[in-house]
Amino acid sequence: MIATVVGALLAGLLAAPALRGLVVRYAVPEGEPWCTACPGCTRALRGLPPNGRCPGCRERLGPRPGLVEAVTVVVVAAALSAAHPADAVLLLWAAGPGVVLGFTDARVRRLPYPLSWTLAAGLALLLVVLELAAGRPGVLLRCLLVALAAAALFELPGWFGLMGAGDTVLALGLGALLGRYGWSAAFAGLFASAVLSGLWAVGRAAVAVVRRGPVRGLDVPMGPFLLLGTLAAVLLQG
């Protein structure tokens, strides 16, 4: 337990500066170019300290100080606590792009292709290697079927403008991961994602009503909830 906590702290804090920089890079509205330099001093953004301030001009960029770092440590700790090493490897791979995707979607309602496809392609490759090494090639077929079903589930609302293309790609990758643990695990992960997003929307709408502001509860970033639901479903298999 202590080793897991220490490992998570070290790995999370080492990765967090790069992840914070990637959040700033990709958290831009649809149609705008990626933010590759600080708007204040044009310094290249390769990483940011926990306070989120540009090392050049000290302008604060991205999420609140310490937030990316805290989430990264928690996610890494959750991955390291997985019952089996293979589960930990899969979750650790998803943790990096997953943290950035979660923050980006929460900020600008966007799941950038470079990150969502990186997560999906990496999971696909790892699943092939792990399942073939374990002598379970049949599991790969289930991973593929669940991935396609999850992608279709998110693609259909996209035809009506309710979801973005990035949601479909993320669902494809995470669906493949969930498929490793069976159809019931896949259903549980997707169902948990839907419930969490629904609760968030209702809560946000309720707060808006109390404050007498505009109700925007249906403007839901599905990425963070899909990632959280998948993480919970995988860990519960242990």
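The values are calculated or read from the model by the stated rules, or taken from the named source; none is laboratory data. On a predicted model such as this, the values are computed, not experimentally measured, just so you know. Glycine gets a Cβ as well: all are built from the backbone with ideal geometry, and neighbour counts include every protein chain shown.
Of the residues making up the range 38-51, one or more are among the charged types (D, E, K, R) and not assigned by TED's automatic domain parsing to the domain that holds L178.
Of the residues G158, G138, G182, G166, the single one that is under 22 Å from P221 (Cβ atoms), surrounded by fewer than 18 Cβ atoms within 10 Å (Cβ to Cβ) and at pLDDT below 95 is G158. Just to be sure before I move on: is V128 modelled with pLDDT under 95, more than 12 Å from Y26 (Cα to Cα) and not assigned by TED's automatic domain parsing to the domain that holds E30 in the structure I sent? In short, no.
Every test in (1) crowded, with 16+ Cβ neighbours inside 10 Å; (2) modelled with pLDDT of 90 or more; (3) not in a loop (DSSP other than H, G, I, E, B) is passed by A152 save one, and that test is (1). Out of the range 40-76, which residues are among the polar types (S, T, N, Q) and over 16 Å from P97 (Cα atoms)? Within the range 40-76, T42, N51 meet the criteria.
Only one entry in G52, G56, G31, G102 is at pLDDT 90 or above, out of contact with any Phe, Trp or Tyr (no Cβ under 8 Å at 6 or more places or on another chain) and not hydroxyl-bearing (S, T, Y), namely G102. Looking at the range 57-73, can you tell me whether even one residue there is closer than 19 Å to L231 by Cβ, in contact (Cβ under 8 Å) with a residue 60 or more places away in the chain and surrounded by 17 or more Cβ atoms within 10 Å (Cβ to Cβ)? Checked the range 57-73: at least one residue is closer than 19 Å to L231 by Cβ, in contact (Cβ under 8 Å) with a residue 60 or more places away in the chain and surrounded by 17 or more Cβ atoms within 10 Å (Cβ to Cβ).
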